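Only one structure is covered here, and it is reproduced in the block below.
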Amino acid sequence: MRLIIDTDTAGDDVFSLMLALTRPGVAVEAITIAHGNAGFVQHAENALVTLERCGKARATPVYMGAQTPFSRAPLDAAYVFGADGMSNVGFPLAAQRPADGHAVDEIVRRVVAAPGEITLIAQAPLTNIALAYLREPRIAQAVKHLWIMGGTDNGVGNVTPAAEYNFYVDPEAAKIVINAGFNLSIVTWTETLRDGLLDVLQLAELEALETPRASFFTDVNRASLAFAQETEGLNGSLHPDALTCAVALDESLILEADHAVVDVETLGELTRGYLSVSHAILPDIEIADPALKRRPPNARVIKKIDQAGFFAAMRRALL
C-alpha cells in the first residue's frame, strides 16, 4: 500500500502516523503538513520526531504546506494537545529536517505520476488537498482512495454544536474536496465518539508494554487524555485520526458504512463547517421541495468500526 498522509501533527495525528509507519507492506511515501492543531512549524517537527521513534528517520520526506485556511486566521487546539501538540513533553529536535518543495506540489506530482496507486489520508484541515485539486483537478480521479477524518454525521461537533474542528477551521476547503469527485471515505467525529475511545484499561495495557514506542504514545497522549476526562467526561482518550488510519489500512475493521450525499456548510452563522449527510429516512429531496435537485452519493460515510480490532492495531504498532 502506498500512502501520503496530510497532517497537522499533534496528539492523535502522531498515533495515526505510527500505525502506518509500523505496518508491514505499507509505504508512507510522503507526509505533508497543514496548519491546524499546534504551530505550523511544530507540526513538521512532531512528524519528524515520530519518524525517528518509529525507526523511519530519513525514510519518508516531510513537506511544508498551507499555513493558513482559505478565509480566516489559523485556529489551533493547544487547549487539547499542549502548546507543542505533544503534551509539552519537550522532545529533542529530530535530526531530519523538512524536505525542499511544497506539500501541494508534491501531492500533485506524486499522484499524477502514479495514477490509481496512491491512497491519501487527510487528517488535518483540508486546505492542502483543496489547493492540490484546484491546481490539478486530475488528482480526483488519480488518487486510489481519499480517507478524510472530519465532520460529524449530523451530530454534535467538538468546536461548535454543529462542527468538528477540521471542517470548522476551513469549511471552504472541505466543500471543495467533498465535491471534487474523489473516491472518498469519511470517518467522522460522530463515529469517533462511538468507536474511537481507548478507555483507561486499554491505555494501561498499552503503557504496560514498556516498549519505547508505548512510552512515547503514553507521553504524547497525556494532555488529550486529561482533556477528555476533565472536559468531555470520558473514561479514556479519543483517537479520530488513528481510527481513520486503522480502517484505511484494514477495511475489514469497517462493520457498517453508507454511501451518502454529503456537503459542507460554509455560510451559516451557527452551522459553519457543518457536514450534511443524507439519510435513508428522508424523502426524495425533489419530492420534499421541487426546487431541490437529487444528487448521487459522493462519499462513503463510516458508521461502525470494530473497536477491539482498532485497539489491537494500536497495540501492534507500539510493540
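The values are calculated or read from the model by the stated rules, or taken from the named source; none is laboratory data. Remember, predicted model here, so these are calculated numbers, not experimental data. Here the Cβ is made from the backbone with ideal geometry for all residues, glycine too, and neighbour counts use every protein chain on show.
For (1) modelled with pLDDT under 95; (2) of a type in the set (Lys, Arg); (3) surrounded by 15 or more Cβ atoms within 10 Å (Cβ to Cβ); (4) within 23 Å of Met1 (Cβ to Cβ), each residue gets a yes or a no:
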site	(1), (2), (3), (4)
Gln202	no, no, yes, no
Thr211	no, no, no, no
Phe217	no, no, yes, yes
Arg222	no, yes, yes, no
Leu225	no, no, yes, no
Glu251	no, no, no, yes
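For the stretch 36-62, the set of residues classified as over 18 Å from Gly101 (Cβ atoms), crowded, with 23+ Cβ neighbours inside 10 Å and not β-branched (Val, Ile, Thr) consists of Gly36, Asn37, Ala38, Asn46, listed by residue number. Out of Val247, Val301, Val264, Val277, one residue alone is surrounded by 15 or more Cβ atoms within 10 Å (Cβ to Cβ), under 22 Å from Ala77 (Cβ atoms) and either touching a helix residue (DSSP H, G or I) at 6+ places or on another chain (Cβ under 6 Å) or among the aliphatic types (A, V, I, L, M) (or both). It is Val264. Within the stretch 1-25, residues that are farther than 13 Å from Ala44 by Cβ and of a type in the set (Lys, Arg) sit with their Cβ atoms under 6 Å from residues that are modelled with pLDDT of 95 or more and assigned to a loop (DSSP other than H, G, I, E, B), at 6+ positions apart or across chains, in these pairs: Arg2/Glu117. For the stretch 120-138, residues that are β-branched (Val, Ile, Thr) and out of contact with any Cys (no Cβ under 7 Å at 6 or more places or on another chain) total 2. All of Glu256, Glu286, Glu265, Glu207 fail the test of being free of Cβ contacts under 8 Å to residues at least 40 places away in the same chain and over 21 Å from Cys54 (Cα atoms), apart from Glu286.
Taken together, the criteria place Ala228 among residues that are free of Cβ contacts under 8 Å to residues at least 40 places away in the same chain and under 19 Å from the mean Cα position of the chain (by Cα).
Scanning the stretch 276-303 for residues that are in contact with an Asp or Glu (Cβ under 7 Å, 6 or more places away or on another chain) and either of a type in the set (A, V, I, L, M) or more than 16 Å from Gly150 (Cβ to Cβ) (or both) gives Val277, Leu292, Lys293, Arg294, Val301, Ile302. Note on the stretch 63-100: residues that are loosely packed, with under 15 Cβ neighbours inside 10 Å and on the phi > 0 side of the Ramachandran plot total 2.
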